Amino acid sequence: MEIAGWLDHFFPGVPPVRGGDACWLSLMKTRSPEHNPPLYWLGRALDAIEEGGAADVLAARLVLAHGPDACPGWSERDQRVQDVLSEASAYAWAAAHLGPPRFEPDGEAPDAPMLVHVPAHDAFVAPCRLWPVRTVDELVAQLRTRVAAAAERIPPATGRVVYVDVYLHPFMYAQDIGYHGELTEPLRVAVKQFATERRLGYVLTRPFQWGNAIEAQY
């Protein structure tokens, strides 16, 4: 299913809007996966979630993160719902590279961070997503914090992987982190360093593009 159909399924109360400072979900409902690789791969991730029987779990997390209605746009709710969609991308990556996965919450709270567990290989993947900031230095500092938190979240296991997804700018993503080489290189070097220090495997992806990672070591 294309991304607009999935978002209509999960958020029927959010209207499509073509531009301006609208809710991110509203904007994405008007976008086609054609010429938009992040949305193509996100649609495929949601297909994988349904095939794996985890659609109900994901639906509850999406609504909890954002709420059922449109937000004003450029909001924390927009960022949180994209965090959950990054969890879906990590699930799809694990299904493709490790084996049949399942979601496992890290804690009892309804909004506890989610892990992706692949029992066949005793492997855990900790999804995380970088939020937009003003400078690359701030992004690298955020990455260090995210990787450290992932190392704490993942239980002892044969495979321990941090999955790092980069934010999606709704209009100019192709000129931003993940696509622009000079901007992306410091992040690529940093994720390798931080993950290695914590004895983690790692996957670094452009926004939601689990099928063609920038770099992976696991």
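Which condition breaks for residue 166 when tested against (1) within 22 Å of residue 107 (Cα to Cα); (2) touching a Gly at 6+ places or on another chain (Cβ under 8 Å)?
(1)
Every residue in region 26-55 that is closer than 20 Å to residue 71 by Cβ and surrounded by fewer than 18 Cβ atoms within 10 Å (Cβ to Cβ), please.
If the condition is that a residue be closer than 20 Å to residue 71 by Cβ and surrounded by fewer than 18 Cβ atoms within 10 Å (Cβ to Cβ), then 30 is the only one that fits.
If we keep just the residues of region 11-25 that are modelled with pLDDT of 95 or more and surrounded by fewer than 20 Cβ atoms within 10 Å (Cβ to Cβ), which is farthest from residue 114 (Cα to Cα)?
In this case the residue turns out to be 17.
Can you spot a residue in region 78-97 that is outside any helix (DSSP H, G or I) and touching a residue at least 24 places away in the same chain (Cβ under 8 Å)? Break it down stepwise before answering.
Residues of region 78-97 that are outside any helix (DSSP H, G or I), as a first pass: none.
No, region 78-97 contains no residue that is outside any helix (DSSP H, G or I) and touching a residue at least 24 places away in the same chain (Cβ under 8 Å).
Against the condition at pLDDT 95 or above, crowded, with 22+ Cβ neighbours inside 10 Å, under 29 Å from residue 216 (Cβ atoms) and of a type outside the set (S, T, N, Q), how does residue 88 come out, does it pass? Steps first, please.
Numbers: at pLDDT 95 or above: yes; crowded, with 22+ Cβ neighbours inside 10 Å: yes; under 29 Å from residue 216 (Cβ atoms): yes; of a type outside the set (S, T, N, Q): yes.
Criteria met by residue 88.
Considering only region 180-218, state which residues are among the small types (Gly, Ala, Ser) and under 17 Å from residue 167 (Cα atoms). Break it down stepwise before answering.
Applying the first criterion (among the small types (Gly, Ala, Ser)) to region 180-218 yields 181, 190, 195, 201, 211, 213, 216.
Selection gives 181, 190, 211, 213.
Collect the residues in region 73-92 that are over 21 Å from residue 152 (Cβ atoms) and hydrophobic (A, V, I, L, M, F, W, C), keeping them in residue-number order.
Within region 73-92, 74, 81, 85, 88, 92 meet the criteria.
For region 102-195, please list each of the strands (runs of 3 or more DSSP E) lying entirely inside it that holds at least 1 residues being under 29 Å from residue 17 (Cβ atoms) and without any contact (Cβ under 8 Å) to a residue 60 or more places away in the chain. Explain how you work it out, then say what you get.
Values: elements: 102-105, 114-118, 123-129, 159-165.
Of the strands (runs of 3 or more DSSP E) lying wholly inside region 102-195, those with at least 1 residues that are under 29 Å from residue 17 (Cβ atoms) and without any contact (Cβ under 8 Å) to a residue 60 or more places away in the chain span 114-118, 123-129.
Can you tell me which residues in region 189-215 are surrounded by fewer than 15 Cβ atoms within 10 Å (Cβ to Cβ) and under 28 Å from residue 33 (Cβ atoms)?
Within region 189-215, just 212 meets the criteria.
Tally up the residues in region 61-77 that are in a helix (DSSP H, G or I), of a type in the set (Asp, Glu) and in contact (Cβ under 8 Å) with a residue 40 or more places away in the chain, please.
0
Is there any pair linking a residue in region 21-33 that is assigned to a loop (DSSP other than H, G, I, E, B) to one that is surrounded by fewer than 21 Cβ atoms within 10 Å (Cβ to Cβ) and aromatic (Phe, Trp, Tyr), with Cβ under 8 Å and at least six apart or on different chains, and which?
21/74; 33/40
Based on this model, can you work out whether residue 43 counts as in contact with an Asp or Glu (Cβ under 8 Å, 6 or more places away or on another chain), outside any loop (DSSP other than H, G, I, E, B) and at pLDDT 95 or above? Spell out the reasoning first.
Working: in contact with an Asp or Glu (Cβ under 8 Å, 6 or more places away or on another chain): yes; outside any loop (DSSP other than H, G, I, E, B): yes; at pLDDT 95 or above: yes.
In short, yes.
Going by the structure shown, is residue 153 of a type in the set (Lys, Arg) and either out of contact with any strand residue (DSSP E or B) (no Cβ under 9 Å at 6 or more places or on another chain) or under 13 Å from residue 187 (Cα atoms) (or both)?
Values: of a type in the set (Lys, Arg): yes; either out of contact with any strand residue (DSSP E or B) (no Cβ under 9 Å at 6 or more places or on another chain) or under 13 Å from residue 187 (Cα atoms) (or both): no.
So residue 153 fails the test.
Residue by residue, here is whether (1) within 19 Å of residue 168 (Cβ to Cβ); (2) under 18 Å from the mean Cα position of the chain (by Cα); (3) of a type outside the set (A, V, I, L, M); (4) modelled with pLDDT under 95 holds:
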position	(1), (2), (3), (4)
32	yes, no, yes, yes
68	no, no, yes, no
108	no, no, yes, yes
118	no, yes, no, no
124	no, yes, yes, no
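The values are calculated or read from the model by the stated rules, or taken from the named source; none is laboratory data. All values reported here derive from a predicted model rather than from experimental measurement. Glycine also receives a Cβ, built like all others from the backbone with ideal geometry; neighbour counts cover every protein chain displayed.
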